[in-house]
């Protein structure tokens with residue numbers, strides 16, 4: 001089945017450590033997105049990519065980095081500069097960015113040890 | 001600033017009743033709207049979308065109404081079932097701007 005796969009489902013990070021969250025899609029979508037969701041709240045955009053080798057900052061990009069070397073993959077690195085990384089991270093993709101629905105993965109829950 | 005918000009954080013309905021979830025948006029340039037359903041521990045699931053050249057769109061048991069005059073969006077669920085219990089988000093955008101999500105409404109279906 002076509003879809004978006006995020007891994008791992010649960011991730012723990014030690015203080016001062018970088019961690020990378022995986023997002024893979026086989027929908028042949030051009031655009032991909034990373035969101036952060038805190039308990040009881042909506043989604044906030046971290047980064048997005050419209051095409052391979054291109055990405056843009058969203059509303060809360062500080063402390064995060066991304067790459068888009070392949071169309072199918074859009075990994076997110078949570079760096080040690082992100083002082084409050086505990087959250088639910090959601091990856092999404094869409095055919096393009098021109099008024100198309102985004103399809104989401106099932107998220108990665110990141111916690112600090 | 002631009003915002004998308006919801007009137008009711010929690011909605012409790014009886015099984016079999018109809019549910020109405022409301023959403024207000026502030027950006028008059030918004031021309032594309034989506035409703036998502038999110039179950040606990042999962043990603044949001046697309047329910048239905050509507051473009052600004054329409055004021056109503058129907059799906060299976062769901063209807064989205066758009067009132068551009070008052071910048072209001074609603075999701076109607078007919079014959080609500082226990083499986084409909086979830087958090088519902090509206091989202092909006094215009095052109096190539098990224099989606100802006102509301103904070104969500106929790107729907108609780110009582111058996």
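Read-outs: derived from the displayed coordinates by stated rules, not from any lab. Note that the structure is predicted; figures quoted are calculated from it, not measured. All Cβ positions, even for glycine, are placed from backbone atoms using ideal geometry, and neighbour counts span all protein chains on display.
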Contact order relative to length of chain A, as percent, for alpha carbon pairs under 8 angstrom and 6 or more apart: 35 percent
Here the relative contact order (percent) of the range B:7-111, from C-alpha pairs under 8 Å and at least 6 apart, is 37 percent
Taking square-rooted eigenvalues a ≥ b ≥ c of the alpha carbon gyration tensor, is chain B rounded, prolate or oblate, where a/c under 1.5 means rounded and, failing that, a/b exceeding b/c means prolate? prolate
For A:43, B:11, A:27, A:21, order by how many other beta-carbon atoms lie within 10 Å, fewest first: A:27, B:11, A:21, A:43
Can you give the FRET efficiency for residue A:20 and residue A:98, using 1/(1 + (r/R0)^6), R0 = 22 Å, r = Cβ-Cβ distance, to the nearest 0.05? 0.15
Quote the FRET efficiency, to the nearest 0.05, computed for residue B:108 versus residue A:53 with a Förster distance R0 of 41 Å and r equal to the Cβ-Cβ distance. 0.35
If we count other beta carbons within 10 Å of each Cβ, what is the order of A:110, B:65, fewest first? B:65, A:110
For chain A, give me the percentage of DSSP beta bridges that are antiparallel, rounded to the nearest 5 percent. 90 percent
In terms of the alpha carbon gyration tensor, root eigenvalues a ≥ b ≥ c, rounded if a/c is under 1.5 and otherwise prolate when a/b exceeds b/c or oblate, chain A is prolate
Please state the shape class of the range B:49-107: rounded when a/c is under 1.5, otherwise prolate if a/b exceeds b/c and oblate if not, all from the C-alpha gyration tensor. oblate
